[in-house]
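These notes concern the structure reproduced below.
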Amino acid sequence: MNHRPIHDLLTESADRAADAVALTHGQTDVTYGELEARSNRLAHLLRDRGVRRGDRVALLAENGCDYVANYFGILKSGACCVSLNSQNKLSTNRELLTDSGAVGLVARRAQIRSALPDLVNGQSDLRLVHTDQNDPAWVLPPQIAFSDDNDAAQCPTQRPDISVAEHDLCTILYTSGSTGSPRGVTLTHRNLAANTEQILAYLPVTAEDSVLVVLPFHYSYGKSLLLTHVAVGGRLVIDNRFAYPQAVLKTMVEQRVTSLAGVPSTYAILCARTEFLRTDLPHLRCLTQAGGAMSPALTRRLLAGLPDRVKLFVMYGQTEASARLAYVPSEQLPEKIGSIGIGIPGVELTVRRPDGGECDSGEVGELVARGANIMRGYWNDPAETALVIEDGLLHTGDLGRYDDDGFITIVDRAKNMIKAGANRVGAKEIEDTIAEIEGVVEVSVIGVPDELLGEAIEAFVVPVRPDSLTEKQILAHCRDRLALYKLPRVIRFVDALPKSSAGKIVKAELAKLTER
Amino acid sequence: MELREQIRSYIIENFLFGDTTPLTGDELSLLDNGIIDSVGVLELVAYLESDHALTIEDDELVPENLDSVDNLVKFVARKHSVV
């Protein structure tokens, strides 16, 4: 099947209902017609500044109306959008800009503040920077052209006539890699269009829906929310204040949201610290959950506390699969708690033995997926790509088994990854950071079960001498180098790390230490 | 120690690990400036409940009460005044 460029989803919704509200953020509403016009203006500006089909343009912004207009504007210029995480440290985003070879950077002034020169100096591929508003204090290298929204406002609102093919690169999303360095997941227009169609085949999303968005758009689950709702002409209600869950609940009431998408910690925090299950939300009809396994206890609590009209969809996916791979049909959830369900329509999700044969029910194997949504590979990294993609099959690294009905339950993760809140965090990146500290002999980092986060990060550190290091010293070092969500919640000093006969650290033994 | 100093030192010790430079002003949004995240807000609430003997209701978990040193000082003072 041929797929259209992903930005056609916006144009088609704007053609159908230009006056319908696409985005609400605080007191601001943006219609589909306005979003279409704003994205067209940026596309013209980027073309005028020399951006061409196949170029990469990075986007650094918090969720908001600007983010969405800029995302589609970059795609309409023919470029691929490199989605940067605004929570990343400057040094990380500088590395990712270099790694992606981005020719352009579109950023919100609030996200870059005084750091813009540090971010762009030395970026040999970068030719242009666009922000919402200039700052006279910024001094950029002469080869980098600068523009802001005043310049974009002079550009035409008509859609630029740029040819984009379904196999063109659409988006690069960076995820934590098992090697410690972020890897760029390359997704084509076809990958994202296919996954959008696959999701809409099982999830009841319509033009009447208003979804509350607390997940960042630079994250694959957030991006899939954006694309599915734009595809049907629904409304996205953006609230970036989830740290204050009661404020978010108030938004749900005031904006009459019909659905909410969250990771397990979203629901854990809503249930623990708000009146979520006791608040009258007469318009709510659907909750979705992905981004890690939700505890059976929390699933049961939601099922018991929600009115019958509200459907709960438990889902599973990976950035490498554009977003979504599996779901539990909501009517079967009460009997399938703890399962990630079955492959979504259009995705073949199977449990395989090491020899490639399919497992029998009850037998543990690796989850392997095939579908038009599977990424092309990791950006400029054929070796890492070959580890996960083989003959068109995505090896997820998750271990699971079928039950007698063919539903899959995940039992373990093969990769050295921690799922903290919504974030996939490579243990090695944190270990490498702590190992830089003088006085650290060795270190190992694991995820331990946590009621709110799913997993919390714990670091086991062997100091050169007892009492030669403090927890504060280690955390201060990490805070300077890692995003907040990668900071260990607990540092444990130990005399030695448990090792196998081959000298390999046995992380399962470390996990037992945390249970004491 | 004065209330404002207690709150400032808690934030500096527990979220900035001794580095005072990011906390450039008492009016600064802790969330927008990357000083705390959503888990940090819950830790802050636990600290206020234990060290300041407060009971914080769910509907008080809003930025107007918690998102800067100024707001925290006003919030704690107000809570104590009504006890």
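Within 10 Å, Cβ to Cβ, of A:S86, how many net charges do the neighbouring residues add up to if Lys/Arg are +1 and Asp/Glu are -1? Numbers along the way, then the final one.
Working: positive: A:R108; negative: A:E62.
Residues close to A:S86 contribute a combined charge of 0.
Would you mind calculating the relative contact order of chain A from Cα pairs under 8 angstrom and at least 6 residues apart, reporting the percent as a whole number? Numbers along the way, then the final one.
On the way: 1087 pairs, mean separation 59.4, N = 516.
Relative contact order comes out at 12 percent.
Treat chain A as a sphere of radius equal to its Kirkwood radius over Cα pairs and apply Stokes-Einstein at 37 °C in a medium of 0.692 mPa s; give the translational diffusion coefficient in µm²/s, rounded to a whole number.
On the way: Rh = 23.9 Å.
It comes out at roughly 137 µm²/s.
Projected onto the charge dipole of the protein assembly as shown (+1 at Lys/Arg Cβ, -1 at Asp/Glu Cβ, origin at the Cα centre), which of A:T186, B:G40, A:A61 gives the Cα projection farthest towards the positive end?
A:T186
Which log10 I(q)/I(0) values does the range A:354-400 give at q = 0.27, 0.31 Å⁻¹ under the Debye formula, counting every alpha carbon as one identical point scatterer?
-1.05, -1.22
Return the FRET efficiency for the residue pair A:D48, A:H167: r is the Cβ-Cβ distance, R0 is 25 Å, and the value is rounded to the nearest 0.05.
0.45
How far is the Cα center of the range A:215-254 from the Cα center of the range A:404-447, in Å?
27
Just counting partner chain Cβ atoms within 10 Å, what average do the residues of peptide B:29-40 show around their Cβ?
Numbers: counts 0, 1, 5, 4, 1, 6, 2, 2, 8, 15, 13, 3.
Going residue by residue through B:29-40 and averaging, the value is 5.
Shape verdict for the range A:191-413, please, from the Cα gyration tensor: rounded (a/c under 1.5), prolate (a/b greater than b/c) or oblate. Numbers along the way, then the final one.
Values: a/c = 2.04, a/b = 1.52, b/c = 1.35.
In terms of gyration-tensor shape, prolate.
Magnitude of the Cβ-charge dipole of the range A:315-449, K/R +1 and D/E -1, about the Cα centre, nearest 20 debye?
Values: 12 positive and 24 negative charges, 79 e Å.
About 380 debye.
Highest first, please rank the peptides A:61-69, B:16-24, B:63-71, A:243-251 by the mean number of other Cβ atoms sitting within 10 Å of their residues.
Values: A:61-69: 23.0, B:16-24: 13.7, B:63-71: 19.1, A:243-251: 20.9.
The most tightly packed comes first, giving A:61-69, A:243-251, B:63-71, B:16-24.
A:A207 to A:E254: FRET efficiency via 1/(1 + (r/R0)^6), r the Cβ-Cβ distance, R0 22 Å, to the nearest 0.05? Before the final figure, lay out the partial values.
Details: r = 21 Å, r/R0 = 0.94.
Working from the Cβ atoms, E equals 0.60.
Treat every Asp and Glu Cβ in the range A:417-515 as -1 and every Lys and Arg Cβ as +1, leave all other atoms uncharged, and give the resulting dipole magnitude about the Cα centre to the nearest 20 debye.
On the way: 14 positive and 16 negative charges, 42 e Å.
That gives a dipole near 200 debye.
Please work out the ratio of the alpha-carbon Rg of the range A:31-164 to 2.2 N^0.38 Å and round it to two decimals.
Details: Rg = 13.6 Å, N = 134, 2.2 N^0.38 = 14.1 Å.
Compactness ratio reported: 0.96.
Have a look at the DSSP beta bridges in chain A and tell me what percent are antiparallel, nearest 5.
Details: 53 of 93 bridges.
Bridges in chain A are about 55 percent antiparallel.
Quick check: net charge around A:E436, other residues with Cβ under 11 Å of its Cβ, Lys/Arg +1 and Asp/Glu -1? Could you put the intermediate results ahead of the total?
On the way: positive: A:R481; negative: A:E431, A:D432, A:E438, A:D480.
Here the count lands on -3.
Relative to the Cα centre, what is the charge dipole magnitude of chain A, using +1 at the beta carbon of each Lys and Arg, -1 at the beta carbon of each Asp and Glu, and rounding to the nearest 20 debye?
Values: 55 positive and 65 negative charges, 127 e Å.
It works out to roughly 620 debye.
Toward the positive end of the charge dipole of chain A, about the Cα centre and with charges on Cβ (Lys, Arg +1; Asp, Glu -1), which of A:Q158, A:L96, A:P245 goes farthest?
It is A:P245.
Regarding the range A:407-465, what is the average projected area of its C-alpha convex hull, in nm²? Each step should come with its number before you reach the end.
On the way: hull surface 20.3 nm².
So the Cα hull casts an average projection of 5.1 nm².
Have a look at the DSSP beta bridges in the range A:191-413 and tell me what percent are antiparallel, nearest 5. Before the final figure, lay out each step's value.
Details: 24 of 38 bridges.
Beta bridges within the range A:191-413, antiparallel portion: roughly 65 percent.
In the range B:33-83, which trypsin sites (Lys or Arg not before Pro) fall in coil by DSSP and have 10 or fewer other Cβ atoms within 10 Å?
Working: sites: B:K74, B:R78, B:K79; in loops: none.
Listed in order of number, the matching sites amount to none.
For B:D51 and A:V462, FRET efficiency with R0 = 30 Å and r from the beta-carbon atoms, rounded to 0.05? Intermediate values should be presented prior to the final figure.
Details: r = 32 Å, r/R0 = 1.08.
For R0 = 30 Å, the calculated efficiency reads 0.40.
I want to check the label-to-label distance for B:R78 and A:L303. Put each point 7 Å from Cα in the C-beta direction and report it in nm to one decimal.
4.1
What whole number of Å gives the distance from the Cα centroid of the range B:1-49 to the Cα centroid of the range A:128-177?
Using only Cα atoms, the two centres lie 35 Å from each other.
What is the distance, in nm, between label points placed 7 Å from the Cα along the Cα-to-Cβ direction at A:R353 and at A:D403?
In this crude label model, A:R353 to A:D403 measures out at 2.5 nm.
Determine the sum of side-chain charges near A:G234: Lys and Arg each +1, Asp and Glu each -1, restricted to other residues whose C-beta is under 11 angstrom from that of A:G234. Walk me through the numbers on the way to the answer.
Details: positive: A:R235; negative: A:E208, A:D209.
Result for the local shell: -1.
In chain A, with Lys and Arg counted as +1 and Asp and Glu as -1 at Cβ, which of these residues, A:A369, A:V506, A:V351, has the Cα nearest the positive end of the dipole, that is, farthest along it?
My answer, from the dipole projection, is A:V506.
Taking a cut-off of 21 Å, what percent of all Cα-Cα pairs in the range A:189-282 are separated by more than that?
On the way: 1410 of 4371 pairs.
Across the range A:189-282, Cα pairs with separations above 21 Å total 32 percent.
When the chain is fully extended, how far beyond the present Cα-Cα distance does A:A137 get from A:E335, taking 0.36 nm per residue of separation?
Numbers: separation 198, 0.36 × 198 = 71.28 nm, distance 6.02 nm.
Once the chain is fully extended between A:A137 and A:E335, it gains 65.3 nm.
Measure off 7 Å from each Cα along the Cα-to-Cβ vector at B:D26 and A:V441, then give the distance between these two points in nanometres to one decimal.
For the pair B:D26/A:V441, the computed spacing is 4.7 nm.
No value in this document is a laboratory result; all are computed from the given coordinates. Only a predicted model underlies this, so the values are computations on that prediction, with no experimental measurement involved. FYI the Cβ positions are ideal-geometry reconstructions off the backbone, even for glycines, and counts take in every protein chain you see.
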